[in-house]
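What follows draws every value from the coordinates through simple rules; no lab data is involved. Not measured: the values here are computed from a predicted model. Note: ideal-geometry Cβ built from the backbone for every residue, glycine included; neighbour counts use all protein chains shown.
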């Protein structure tokens, strides 16, 4: 019984953490559509190959799918920086 309480408390604190929302958005919006490969991976591969034929819509799509990952990296960086100060 006490073990269940501790597990629920840990999960509740994770859901309330600053990391939950960026992580959830990165794993859903950042990777959607999932098949045949994550959309962001295809866009990054396209840019690394020179971005030949990329339109404005493709750049916007890259920014849209990349924004949650940038937010996640920023949140991780700030939380690590604040935990290092303590």
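Observations on the model:
- Using every pair of distinct Cα positions in the range 16-85, the Kirkwood expression returns a hydrodynamic radius of 13.2 angstrom.
- Distance between modelled label sites at residue 71 and residue 18, nm, 7 Å Cα→Cβ extension: 1.4
- Label separation (residue 81 vs residue 28): 2.8 nm, computed from points 7 Å beyond Cα along the C-beta direction.
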